[in-house]
Each structure stands twice: as C-alpha cells, then as structure tokens.
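Notes for the one structure printed next.
Where a number appears in this text, it was derived from the coordinates with a stated rule and is not lab data. Since the structure is predicted, the reported quantities are computational estimates derived from the model, not experimental observations. Cβ: placed from backbone, ideal geometry, glycine included. Neighbour counts: every protein chain shown.
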Amino acid sequence: MDKNKLEKFKNILEDQQTKIEGELASIAQKDPSMKGDYDTRFPQFESQSTDEEALEVATYESTLPVEHALEIKLVEIKKALERIKNGVFGQCANCGEEIDERRLEALPETDVCLKCQK
C-alpha cells in the first residue's frame, strides 16, 4: 500500500480513536488499575424519588454494553494503528494476502480479508 493511502487510513483511525475516547469519557472514567479499561459511572442518588433512582439504574444498565462495545472498538483501532506503524497494515493476519481497499475503507480496523472473515 502506498504512503498516501496509509496516511489516509491512519488519519481515519486516529479520528475514530478520538471520537470513541470522547464517547467513553462522557459515560465512563478510565480505570487506573487496568490499562485500556473504562468503568461506567454509576448514578449518585441524592434525595431523588424511587422512580428517578430506578430510571438512573436502568440507564446505567443500558450504558454498560455500550461501554464494552466502545472499548473493544478502541482496542481494534489501536491495533490497526500499530499495524500501520509496523508496516503490515492491510495485510491479512490469517492468509497474508492484501485486504481489499474497499473493505479497509468500510472497516479500517480489520486485520483479516473477506475470505478469512468467514
């Protein structure tokens, strides 16, 4: 893959990384004891009605899977950026063939070609 295309994918991945880190920061805080882990903020109950407390707990529960999905996506993006740095971005981790550029445009964090994805 030529240098311009690599730079394009690097910029896309860095933009996605920034966006996801911002989304995570809005619902969670970094776990200082575990690298790359975030903890969803649990609601602070301050003289609210039982209904309001129940709503906050429900919101917390629905936020947990979102946090998890964002953490996974962030790890994949960081791995893709590392592959760019190591000169193997766009190469299938399974078969070693080049990943189709259209696939990379749709999923720049992928490390497998469409054939190996199955």
Legend entry - Karplus (6.51, -1.76, 1.60) ³J(HN,Hα), θ = phi - 60°, over the range 92-106, in Hz, Gly and Pro reported as x: 5, 5, 8, 9, x, 6, 6, 7, 4, 4, 5, 5, 5, 5, 7
Legend entry - Sorted by Cβ density within 10 Å, fewest first, the residues LYS118, LYS79: LYS118, LYS79
Inset, instruction - Give LYS85/LYS115; LYS10/LYS79; LYS8/LYS78 a once-over and call out the pairs whose C-alpha atoms are over 18 Å from each other. - result: LYS85/LYS115
